[in-house]
Amino acid sequence: MEFEDFLDAAANELEAAGIAYTPQLNTWLETLWLRGVVPHRVVQEYSHREVQQ
């Protein structure tokens with residue numbers, strides 16, 4: 001999957017979960033994409049990220 005396709009799908013997943021997508025998330029989303037995380041797992045990763053911060 002190309003990064004742009006991943007980004008679109010991930011943004012849709014975040015917004016469906018009530019999490020506002022912002023361009024500032026792009027760097028974090030790119031790291032997920034490089035790790036091979038699939039878009040439907042992005043919300044779970046986001047929740048984990050929030051707990052760690």
Inside the stretch 1-12, can you point out the residues that are modelled with pLDDT of 95 or more, over 11 Å from HIS40 (Cα atoms) and loosely packed, with under 15 Cβ neighbours inside 10 Å? GLU2, PHE3, GLU4, ASP5, ASP8
Kindly list, by first and then second residue, each pair from a residue in the stretch 13-41 that is surrounded by 10 or more Cβ atoms within 10 Å (Cβ to Cβ) to a residue that is modelled with pLDDT under 95 and among the aromatic types (Phe, Trp, Tyr), limited to pairs with Cβ atoms under 6 Å and residues at least 6 apart or on different chains. LEU14/TYR21; GLU15/TYR21
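The values are calculated or read from the model by the stated rules, or taken from the named source; none is laboratory data. Values in this document were obtained by computation on a predicted structure and should not be read as measured data. Ideal geometry is used to build each Cβ from the backbone, glycine not excepted, and the neighbour counts take in all protein chains shown.
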